[in-house]
Amino acid sequence: MIVGPCTVVSGGPEPLVYDNAAVRVVGSHIASIGPLGDLASSHPDEPLWPARGRVLMPGFINTHAHLAHGLARGLGLRTGAEWRRYDRALSAEDVTWGVQAALIEGIRHGVTTVVDFHRSGACLDLSLNEVIGAAERTGVRVATCYGAAEDDTPLERRAAIDECVGFAHDLERSQRGRLRGMLGVQATTLRGIETLLAEAMESAGGLAVHVDLALDLTPAERWTRAGSLPGTAHPALWAHAERAPRGLLGAVRERGDALCATGGGAVSALVREAEVAWGSDDGANAPPVPEGALLPGIADAHYRRLFVAGARWASDHFGEELGIVRPGAPADFILVDYRPATELSPRTLGAHLWHGLLRAPVSGVMVAGSVVMDNGVMVSVDEREVAVRARECARRVWERLG
């Protein structure tokens with residue numbers, strides 16, 4: 001398939017911009033980038049996906065999401081206790097339709113890869129299969145885990161870890177390339193981080209660990225146990241880095257792990273000290289749109305948060321060069337209805353992202369060479385059916401919560 005004509009934004013640490021270009025996709029990967037006329041004449045039998053002058057760029061990578069939390073939208077949950085009660089109220093059916101609805105929301109905003117942190121106490125042995133089933137139906141690339149929480153009993157934590165390990169190995173044996181399993185731990189105290197990681201590492205067997213820092217620290221609390229974190233075979237992913245004390249962030253960076261942040265003002269301060277990726281947490285599965293004045297360095301930091309930090313970790317985890325449009329990379333990209341009135345080049349890309357490109361509607365989405373949305377219409381699933389079924393599930397969950 002040939003996609004064009006379009007303006008191609010390559011993504012990656014040193015982005016390139018190709019005007020009046022086209023992208024040729026063979027199988028699940030990008031084969032070449034060049035002028036539409038040249039590609040079409042060289043491959044006359046290949047179908048054309050008309051881009052109509054849109055911007056083609058890498059799909060976004062959401063490095064920390066609670067996909068099943070979308071059914072709580074409107075409940076106004078705030079505290080950890082409220083969310084734990086919500087998680088326990090979820091059935092396997094609720095997970096199926098809630099996750100599909102969240103993934104569709106992401107597709108509409110250009111999200112092609114999601115790292116999900118899941119908990120649903122009433123269906124531990126079913127829920128990860130429901131998450132992966134939803135990902136297969138929508139066509140999105142997903143890594144998921146069932147989180148072992150510090151507030152769980154030791155037996156509950158062990159059950160969560162064992163479920164993750166067995167599930168991840170089953171996925172690996174089935175060779176479903178878009179889907180991955182990992183270990184998840186949710187820490188509420190600094191002391192709990194060491195305990196949870198130690199328990200997880202006993203069974204990890206090379207799996208990546210997704211750490212959800214559900215910390216609520218006083219200003220006086222510090223991380224003082226340098227070198228006490230257990231080693232991991234694969235870089236861990238630490239969510240809510242904006243909540244972590246600086247000592248812990250330093251220890252995590254020394255290990256070569258990835259940081260993810262979901263807040264607003266706190267993130268602006270954090271990115272000046274460390275490279276962080278974007279995560280939606282339990283909010284909208286959509287990349288953050290920048291606000292305020294475009295100050296020097298801010299646009300570049302926002303670009304790296306969306307296109308570099310998360311892509312680096314995800315590429316390592318999925319074994320594919322994600323977050324970039326170039327030959328050999330997976331065909332994970334989006335078409336954006338953005339036709340700039342001024343120069344779009346590497347020099348001006350930050351300003352376009354800040355003022356317009358991230359606000360423009362996404363019209364087309366491809367993941368691993370498969371079209372999942374075309375001209376604003378979902379191809380992989382019936383979006384209206386998913387919305388109806390998700391609302392039915394949400395109503396039942398709300399009734400269970402009283």
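Structure values in brief
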read-out	value
Residues within the stretch 231-254 that are closer than 18 Å to residue 207 by Cβ and either free of Cβ contacts under 8 Å to residues at least 12 places away in the same chain or surrounded by 15 or more Cβ atoms within 10 Å (Cβ to Cβ) (or both), tallied	8
Yes/no for residue 135 being under 30 Å from residue 374 (Cβ atoms), out of contact with any Pro (no Cβ under 6 Å at 6 or more places or on another chain), among the aliphatic types (A, V, I, L, M) and open to solvent by 10 Å² or more (accessible area, probe 1.4 Å)	no
Test: residue in the stretch 175-195 that is assigned to a helix (DSSP H, G or I) and buried (at least 19 other Cβ atoms within 10 Å of the Cβ)	yes
Hits in the stretch 377-396 - residues which are out of contact with any Phe, Trp or Tyr (no Cβ under 7 Å at 6 or more places or on another chain), of a type outside the set (D, E, K, R) and modelled with pLDDT of 95 or more	377, 378, 379, 381, 387, 388, 394
The stretch 296-335, residues that are among the basic types (Lys, Arg) and modelled with pLDDT of 95 or more	312, 326
The lone exception for residue 45 - which of (1) in a loop (DSSP other than H, G, I, E, B); (2) open to solvent by 30 Å² or more (accessible area, probe 1.4 Å); (3) in contact (Cβ under 8 Å) with a residue 12 or more places away in the chain it fails	(3)
All positions within the stretch 150-174 that are open to solvent by less than 50 Å² (accessible area, probe 1.4 Å) and of a type in the set (Val, Ile, Thr)	161, 165
The one condition in (1) β-branched (Val, Ile, Thr); (2) open to solvent by 20 Å² or more (accessible area, probe 1.4 Å); (3) at pLDDT 80 or above that residue 209 fails to fulfil	(2)
From 31, 22, residue being among the small types (Gly, Ala, Ser), buried (at least 22 other Cβ atoms within 10 Å of the Cβ) and in contact with a strand residue (DSSP E or B) (Cβ under 9 Å, 6 or more places away or on another chain)	22
Residues (assigned to a helix (DSSP H, G or I), open to solvent by 20 Å² or more (accessible area, probe 1.4 Å) and either under 20 Å from residue 126 (Cα atoms) or touching a Lys or Arg at 6+ places or on another chain (Cβ under 7 Å) (or both)) located in the stretch 70-91	70, 83, 84, 85, 88
Unmet criterion (only one of (1) of a type in the set (Val, Ile, Thr); (2) free of Cβ contacts under 8 Å to residues at least 40 places away in the same chain; (3) part of a strand (DSSP E or B)) for residue 99	(3)
Criterion: farther than 21 Å from residue 142 by Cα and within 23 Å of the chain's Cα centre (by Cα) - qualifying residue of 224, 188, 218	188
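The values are calculated or read from the model by the stated rules, or taken from the named source; none is laboratory data. Model, not experiment: these values are computed from the prediction. Quick reminder, even Gly has a Cβ in these numbers, built from the backbone with ideal geometry, and neighbours come from all protein chains shown. With ligands, DNA and RNA removed, areas are computed over all heavy atoms of the protein, side chains included. Shrake-Rupley method; radii C 1.70, N 1.55, O 1.52, S 1.80 Å.
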